[in-house]
Structures are given as C-alpha cells and as structure tokens.
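The values are calculated or read from the model by the stated rules, or taken from the named source; none is laboratory data. Bear in mind the structure is a predicted one, so any value in this text is a computation, not a measurement. Reconstructed Cβ throughout: ideal geometry from the backbone, glycine too, with neighbour counts over all protein chains shown.
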Amino acid sequence: MQAKDYIPLIGLKSTDPELLAFFDEHNLGKPPKTLNANQGTKGMKGLPKEISFRFGFDIKNDAFYPPVSPKNDDYNFEAYVENIAIYGNSIKKLGLSPDFWEGLIQPNATYEEFKNYFSVEDGETFGVKSLTDLCVINGWFNHAKNEISALELAIKTHWELLSYMDFDKDNEFNSLKHADALIVKWLFDMKFLSLPESVYQENLSYQLKDIWDFTQKHLKNHVWISQLNQERSLGVFISNLMRNTSYKTKDDESVTLFFDDQYIKASGQWQKREEEKEKGDDKKLKEFETGLLLTDNQSKSLLEDVTQQYIDFLNNKKV
C-alpha cells in the first residue's frame with residue numbers, strides 16, 4: 001500500500017461496505033458502528049499498525065453536519081473516518097520507503113519544500129493542502145529538529161463560530177437564544193456574510209423567529225468562518241464575543257466582549273439576573289434568562305455597540 005491509497009477512505013461511514021472490506025482484508029478489527037457524545041472520537045490502529053484511523057461524528061463539513069443520531073436520542077451518532085495519521089513519531093521507526101509517499105510530500109522534506117507544498121508563509125509550522133473536494137493533508141514542521149513532525153489525511157473542515165445547537169429552539173442548555181441570533185443579524189447588517197446581493201435586498205428583522213428562519217434558509221443553521229467574506233480577524237472577533245475571554249490591546253489592557261453579558265445588560269435586567277444567580281436555583285435562573293427578549297430598539301442599540309467594538313478591535317488589538 002501507499003499513503004495515497006488511504007485517501008478514498010477519508011469520510012467513509014463506519015458501516016460502509018468498502019471500509020468494512022478494507023478492515024477485514026487487513027485484519028484491523030471492526031470499526032465502531034456509532035459514537036456517543038461522551039466519546040467524541042475513537043482511534044483505531046491501521047496498516048502498518050503505527051498508522052491510525054480516527055472516527056468522529058461532530059464534523060464541521062456540510063456533508064456530515066449536523067451529526068446524525070440513528071435513534072434520535074442526541075447521544076449516539078453515526079461515525080465516519082475523520083482522519084488518518086500517516087506519519088508521526090511511531091511511524092518514523094518503520095523506515096517506510098520513498099515509494100510509500102508517492103504523490104504526497106515526503107517526510108524528509110526540507111522546510112522550503114514544506115512551505116512550497118502547503119503554500120504557507122515563512123516561519124509557519126502548520127500547513128493544509130486540498131487533495132480532493134473532501135480530503136486534505138495536514139502537516140506539522142518542527143523547527144527545533146528541522147523536520148516534518150507529523151502528517152495526516154483528514155476531512156476538510158471549517159472553523160465553527162455558531163453551531164446548529166445555537167439555533168435549536170429545543171436546546172435547553174442555551175437560555176439566551178436571541179443573543180446568538182442577533183450575531184447573525186449583525187453579520188447581515190454589516191454585509192459580512194458571503195451571500196448574493198439579492199439576499200441582502202431582503203429585510204431581516206430583529207425578531208428571533210425571523211432570524212432563525214433566515215439562518216435555516218441561507219446559512220444551513222450554522223455560521224462557519226468560510227461563510228464570511230472578511231479576513232480572519234472577523235472570526236477572531238466573533239470568537240471573543242461568543243466566549244468569556246479577553247484580548248489584549250496595544251496598551252496591554254484586557255478587553256472582554258462576552259456577548260451574553262452585553263445582551264443581559266442591554267435588557268436592563270443585569271442586577272435582577274445577578275440576584276437570581278445568588279439564589280443558587282439553576283432552574284429558575286434559566287427560566288429568567290430564557291424570558292429575556294430585547295425590544296427592537298434595545299437590539300439596535302446593542303448591535304451599534306458591537307460595530308464600535310469591532311472597529312476598536314481592528315484598531316487596537318495587540319498583534
């Protein structure tokens with residue numbers, strides 16, 4: 001076998017006859033029929049044994065997204081070959097011949113060859129190269145040892161900013177659904193979504209149901225960085241909005257943008273919400289937060305603040 005022979009296996013369902021025949025032919029055991037939410041992924045040794053398969057279900061690619069739960073229990077999900085590690089520390093010991101890597105980058109490649117193959121800038125140590133519409137090869141370079149440290153074949157995935165769970169009306173763990181929806185409204189108003197101009201001619205209100213309908217119709221119920229028409233900095237900004245983290249300014253000051261907190265403050269119910277938190281009744285707190293829906297004027301004012309925060313982020317973020 002050669003490394004390129006593994007490419008057609010990427011993305012196969014764990015119960016696919018082609019995959020089962022491959023595993024049976026090489027005595028690799030049985031792939032997992034499903035994976036549960038606690039497992040996330042499952043690894044299996046391949047051929048040679050140092051080459052390993054990883055099965056997953058929460059894969060940020062529209063061909064596999066959202067995850068499919070055969071029993072509709074939202075716990076057990078269909079599994080797919082997510083990636084195959086074809087080079088790493090354990091595989092180095094095999095001393096595989098150059099023929100094994102035919103058509104792909106050789107593990108003994110120089111850094112210049114690594115840069116050219118993956119089209120990365122000088123100094124970068126991670127590269128991604130598309131091999132097919134579905135499969136990429138990921139590579140890591142160790143400058144200290146001046147060598148490629150790992151190579152893997154993987155499903156082409158995207159950086160997720162908002163998941164399908166953020167737009168699931170039955171998701172009991174998300175008590176501020178309107179807050180997530182308003183991020184989509186802001187992206188729409190700023191024309192940051194990669195959508196036809198005809199879509200932008202439509203009106204999108206601040207109302208939760210309208211934004212949900214829009215997200216389902218035009219965004220497949222998720223927001224990935226590949227759906228934005230701006231630079232990577234916009235994705236970093238939204239990540240800061242969605243998570244309770246901070247970024248450093250050029251003056252070395254920490255700025256926290258956590259949008260959930262901004263949303264609650266915009267509702268005028270921040271103090272009341274803090275009082276509910278102090279009571280320690282999680283159920284009542286969730287009920288309180290679920291009932292917080294901003295008016296159009298409150299939403300408009302909040303998103304104007306976000307626009308200014310984005311400008312400040314671009315101008316003041318420490319590089």
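Scanning segment 191-210 for residues that are among the aromatic types (Phe, Trp, Tyr) and either outside any helix (DSSP H, G or I) or touching a residue at least 24 places away in the same chain (Cβ under 8 Å) (or both), we see that the one that is farthest from Thr295 (Cα to Cα) is Phe192.
State yes or no: is Asp133 under 22 Å from Asn61 (Cβ atoms), of a type in the set (Asp, Glu) and either assigned to a loop (DSSP other than H, G, I, E, B) or free of Cβ contacts under 8 Å to residues at least 60 places away in the same chain (or both)? Spelling it out, Asp133 is indeed under 22 Å from Asn61 (Cβ atoms), of a type in the set (Asp, Glu) and either assigned to a loop (DSSP other than H, G, I, E, B) or free of Cβ contacts under 8 Å to residues at least 60 places away in the same chain (or both).
Would you confirm whether any residue within segment 239-246 is surrounded by fewer than 15 Cβ atoms within 10 Å (Cβ to Cβ), touching a residue at least 60 places away in the same chain (Cβ under 8 Å) and under 24 Å from the mean Cα position of the chain (by Cα)? So far as segment 239-246 goes, no, none of its residues is surrounded by fewer than 15 Cβ atoms within 10 Å (Cβ to Cβ), touching a residue at least 60 places away in the same chain (Cβ under 8 Å) and under 24 Å from the mean Cα position of the chain (by Cα). Checked against the criterion of being surrounded by 18 or more Cβ atoms within 10 Å (Cβ to Cβ) and under 26 Å from the mean Cα position of the chain (by Cα), the candidates Phe258, Phe313 yield just one match: Phe313.
Within the option set Phe77, Phe55, Phe22, being outside any loop (DSSP other than H, G, I, E, B), touching a helix residue (DSSP H, G or I) at 6+ places or on another chain (Cβ under 8 Å) and either within 18 Å of Gly88 (Cα to Cα) or without any contact (Cβ under 8 Å) to a residue 60 or more places away in the chain (or both) holds for one residue only, Phe22. Figure legend. Inter-residue proximity from segment 101-117: first residues within 18 Å of Ser130 (Cα to Cα) and in contact (Cβ under 8 Å) with a residue 24 or more places away in the chain, second residues surrounded by 13 or more Cβ atoms within 10 Å (Cβ to Cβ) and small (Gly, Ala, Ser), beta-carbon distance below 6 Å, spacing 6+ or different chains. Indicated pairs: Trp101/Ala3; Leu104/Ala3. Restricting attention to segment 58-78, the residues that are buried (at least 20 other Cβ atoms within 10 Å of the Cβ) and in contact with a Lys or Arg (Cβ under 7 Å, 6 or more places away or on another chain) add up to 0.
Outside any loop (DSSP other than H, G, I, E, B), farther than 26 Å from Ser14 by Cβ and at pLDDT 95 or above - does that describe any residue in segment 94-110? No, segment 94-110 has no match at all.
Out of the residues in segment 221-244 meeting the condition of being touching a Phe, Trp or Tyr at 6+ places or on another chain (Cβ under 8 Å) and in a loop (DSSP other than H, G, I, E, B), tell me which one is farthest from Tyr65 (Cα to Cα). Result: Asn244. In summary, Asn83 fulfils each of the numbered conditions (1) buried (at least 18 other Cβ atoms within 10 Å of the Cβ); (2) free of Cβ contacts under 8 Å to residues at least 24 places away in the same chain; (3) among the polar types (S, T, N, Q) with the single exception of condition (2). Inspection of segment 186-207 identifies no residue that is touching a His at 6+ places or on another chain (Cβ under 6 Å) and under 21 Å from Glu304 (Cα atoms).
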